[in-house]
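Have a look at the structure below, then the notes.
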Amino acid sequence: MAERQNLLAEQRRALILDEVRRRGGVRVNELTQRLGVSDMTVRRDLDALARLGALEKVHGGAVPVEGTEPTGHEPGFEEKTGREPAAKEEIARAAASLVTPGSAVALSGGTTTYALARVLAGVPDLTVVTNSVRVADVLHTGGAADGAEAGGPTVVLTGGVRTPSDSLVGPVADRAIAALHFDLLFLGVHGISVEAGLSTPNLAEAETNRRLVASARRVVVVADHTKWGTVGLSSFASLSEVDVLVTDAGLPAVTRAELSELPLRLVVAGEEDAAPPETAQENHRAPRAG
């Protein structure tokens, strides 16, 4: 019971959402017993999840929103490639403008980071660390980026167990990443919200992503607008750990207003000039404690 009471709000809400979707609905009194918290706490959690559109409140409990994807479902790389391809290309170009030649950068798995890798293939003197088989492949071959230089970036591919989205995760990947330090981390995500932060349906990937965040001086999330409000099974970072969010123009005005209250830089692809420039101090923060 004490362990449940010590859960962070984002962890508790991820458990609630999983319970709702797995069982097709749940009552407040069942959640209070399972989580070891008060009715009021559970109702606040349900209110927060309902505002995100993650579930629907009903009398005495909550049910899934019709058509929502289960928190534990992990789509494969090919399935994700077909989602918002134009937005991902725009985000990739905007994110690439944050990279300085000669930097050490890390790219997580995902189709948006894959699009970014195609652009970065033409940036000289980069060292790229990635746990994505697809990203490593495109950087090794120079991808389809126009003008990609023959030498290309130096690529370090972590070991690990392969996920459906072609990321390498698990203890081998975690140990390799923990020994490294990056100037920039470009992080693709399954879901992002104020309440749950950054989340993924894969528990092992969540731990590997935590290691990536801990090893980076600056964390840049690359996510199209459809990722907003999606909550995966496991949260691995809060929005307070994100320095820059690069997204597309489909992000609703209400969400932009929410993000304006947070200490992160919002870059909307096609509207980058509206974002305040980064300072030298911002680019040289100490690595996070790992």
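Read-outs: derived from the displayed coordinates by stated rules, not from any lab. Quantities reported herein were computed from a predicted structural model and do not represent experimental measurements. No Cβ is skipped: glycine too gets one built from the backbone with ideal geometry, and neighbour counts run over all protein chains shown.
Structure data summary
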item: ³J(HN,Hα) computed for each position of the stretch 178-194 - Karplus, 6.51 cos²θ - 1.76 cosθ + 1.60, integer Hz, glycine/proline x; result: 4, 8, 10, 9, 10, 6, 9, 10, 9, 10, x, 9, 7, x, 8, 7, 5
item: Gain upon complete extension [Val58, Arg34; 0.36 nm per residue less C-alpha separation]; result: 6.7 nm
item: Ordering of 41-51, 109-119, 205-215, 159-169 by packing [mean C-beta count within 10 Å, highest first]; result: 109-119, 205-215, 159-169, 41-51
item: Value of D in µm² per second that Stokes-Einstein yields for the stretch 207-277, Kirkwood Rh from Cα pairs, at 10 °C (1.306 mPa s); result: 121 µm²/s
item: Residue-by-residue Karplus 3J(HN,Hα) for the stretch 96-103, coefficients 6.51, -1.76, 1.60, Hz, glycine and proline x; result: 4, 5, 7, 8, 9, x, x, 6
